[in-house]
Amino acid sequence: MYISLNNEKCHYEVICSILSFKKTNRFFFGKIIIYTDDVTFFKEQLPYFHNVVFEFVDLTVVNEVHSRYGNLFRLKIVLIIEFLKKYRASVLFMDSDTFFIKNVNELFKYVNNGNCILHCQEYHLSSGVNANFERLLVNENLIDFFKENNTPLTGDTIVWNSGVIGICFKNIDLLTNALEIFDVIEASSVNDNTIEQLSLSIAFSKTAIIPAHDFIFHYWFIKVFRCLLWKYFFKNQDLLILNKEEQIFVNTGFVRELLKKEQLTFSNSIGIIFTVVNNYYSKETRKNIKKNFCKNTYMYKRIFL
């Protein structure tokens, strides 16, 4: 399941993600659901995929969510609930900036057994990473709410990245609970774009959470990577109007070499991230990027070891 709204680059990211899924999950018999405001665009770009289903999302609904909450990520939870009510099936929700690196049958088995999926663990509340959320630990009203909710909030509470969300229909109440948690935190005047991640992390803690980072690469922290995906999948450097950072990126010497057709393949796409990180970013930024990877995972070993 994907959500792609009012953003052509996001639309193309979704297509790249689907194409990477097709390459790593050749015997998938389920459906790919795209919630979008631009069904025509996807139908034109994905004409040969018979198992893709489109759900139209009216932008007035999107704007209402944004104006009321100031945080559009709440819509992710709302639409996943809508999906579960309609299809009554297990779902893997993907952010648009995701790239499949392995077959995900194992993840679906976990979900079907009642576990939940999130992309990876990011930090503990008391780690100093997010001061906005640390303040929650001294808010007595919130602490009481979480105790009553049977999800105690402590410094050891883990915030997960939600670039991938997996859940089955029988656990739909966990998503309803995540919405309630979101609204309580938002009402406490916490201004943070990752409230949705914390809400899901807390709600899903009532069951086992399985990480997806060994199966799916979420490149949110290195968005210029999508330029390489566009070139590989679409063979067209003029596909989109690039922003300033993307223009600088594709015009660097090492990227020009990478963009040669014979060097850019599906199998080396992830390995190329190592080259991008080491040639494009400063030492300090490389250090921060490395922190986004969980040690002893497929991705960490492939890129950093």
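Laid out as a table, the results:
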item: Subset of region 115-145 [of a type in the set (A, V, I, L, M) and over 30 Å from N105 (Cα atoms)]; result: L125, V129, A131, L136, L137, V138, L142, I143
item: Complete set of residues in region 171-209 that are among the polar types (S, T, N, Q) and either in a helix (DSSP H, G or I) or within 17 Å of the chain's Cα centre (by Cα) (or both); result: N171, T176, N177, N193, T194, Q197, S199, S201
item: Cβ pairs under 7 Å, 6+ apart, first in region 227-239 and closer than 10 Å to L259 by Cα and of a type in the set (D, E, K, R), second at pLDDT 75 or above and surrounded by fewer than 19 Cβ atoms within 10 Å (Cβ to Cβ); result: K231/L259; K231/L264
item: Unmet criterion (only one of (1) loosely packed, with under 14 Cβ neighbours inside 10 Å; (2) without any contact (Cβ under 8 Å) to a residue 12 or more places away in the chain) for L72; result: (1)
item: Yes/no for F274 being open to solvent by 70 Å² or more (accessible area, probe 1.4 Å), of a type in the set (A, V, I, L, M, F, W, C), within 15 Å of H218 (Cα to Cα) and modelled with pLDDT under 80; result: yes
item: Cross-chain or 6+ apart pairs with Cβ under 6 Å, region 272-294 first and under 18 Å from I248 (Cα atoms), then among the charged types (D, E, K, R); result: V277/R286
item: Criterion: more than 18 Å from the chain's Cα centre (by Cα), modelled with pLDDT of 85 or more and not basic (K, R) - qualifying residue of F221, F133; result: F133
item: Among the residues listed as E196, E186, the single one being closer than 17 Å to F93 by Cβ and in contact (Cβ under 8 Å) with a residue 60 or more places away in the chain; result: E196
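The values are calculated or read from the model by the stated rules, or taken from the named source; none is laboratory data. All values reported here derive from a predicted model rather than from experimental measurement. Here Cβ is always computed from backbone atoms with ideal geometry, including for glycine, and neighbour counts include all displayed protein chains. Quick note on the areas: whole protein, heavy atoms, side chains included, nothing else; ligands and nucleic acids left out. Shrake-Rupley method; radii C 1.70, N 1.55, O 1.52, S 1.80 Å.
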